[in-house]
Amino acid sequence: QVQLVESGGGWVQPGGSLRLSCAASGSIYRINTMAWYRQAPGKQRELVASITSGGSTNYADSVKGRFTISRDNAKYTVYLQMNSLKTEDTAVYYCNYVYGVSSYWGQGTQVTVSS
C-alpha cells in the first residue's frame with residue numbers, strides 16, 4: 001500500500017502562484033511515475049503533469065509554460081509549481097502514484113483562482 005498526502009492548495013488571485021506538494025509513504029518502489037491530476041466541478045478528471053523516477057516529464061497543453069512538476073526521490077515527494085494561474089485552473093488537484101499496474105491517489109487539495 002502507498003499513502004499520498006497533498007498540501008499547498010488554497011485561494012489565489014489570477015496571475016498568482018501556488019506550490020503543491022505530495023508526500024508518499026508506505027511500499028514505495030524506486031521505479032515509478034508520479035503525477036498531478038485535477039477535476040473541476042462538472043468535468044472529468046484530467047492529467048495536469050507527470051514525472052517518472054528518471055525525471056522525464058509530461059504536461060497538459062493547457063499548463064505548458066506555466067506549471068512545473070518536480071520530485072525529490074530521497075523524500076518521496078512530488079511538487080507542482082503553478083505560476084500565472086487562471087480562473088480555469090480552479091479545481092481539486094489529486095496526486096497519483098503508479099508502479100506497474102498499481103495506482104494510488106491522494107485525497108485531493110482544492111485550488112481556487114478568483115478575484
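The values are calculated or read from the model by the stated rules, or taken from the named source; none is laboratory data. Note that the coordinates shown come from a computational prediction; the quantities given were computed from them, not determined experimentally. Here the Cβ is made from the backbone with ideal geometry for all residues, glycine too, and neighbour counts use every protein chain on show. Heads up: the accessible areas ignore ligands, DNA and RNA and are worked out on the full protein's heavy atoms, side chains in. Shrake-Rupley method; radii C 1.70, N 1.55, O 1.52, S 1.80 Å.
Key figures for this structure:
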read-out: Identity of the residue in the range 21-68, in a loop (DSSP other than H, G, I, E, B) and among the hydrophobic types (A, V, I, L, M, F, W, C), that ends up nearest to V111 (Cα to Cα); value: A40
read-out: Residues located in the range 78-102, provided they are out of contact with any Lys or Arg (no Cβ under 7 Å at 6 or more places or on another chain) and open to solvent by 60 Å² or more (accessible area, probe 1.4 Å); value: K86, T87, E88, Y99, G100, V101
read-out: Residue tally, condition of a type in the set (A, V, I, L, M, F, W, C), closer than 16 Å to Y37 by Cα, at pLDDT 95 or above and not in a loop (DSSP other than H, G, I, E, B), over the range 69-115; value: 9
read-out: Count of residues meeting criterion [more than 21 Å from V2 (Cα to Cα) and open to solvent by less than 70 Å² (accessible area, probe 1.4 Å)] in the range 58-77; value: 6
read-out: Search result, residues across the range 13-51 that are closer than 15 Å to T90 by Cβ and surrounded by 18 or more Cβ atoms within 10 Å (Cβ to Cβ); value: L18, L20, W36, Y37, R38, V48
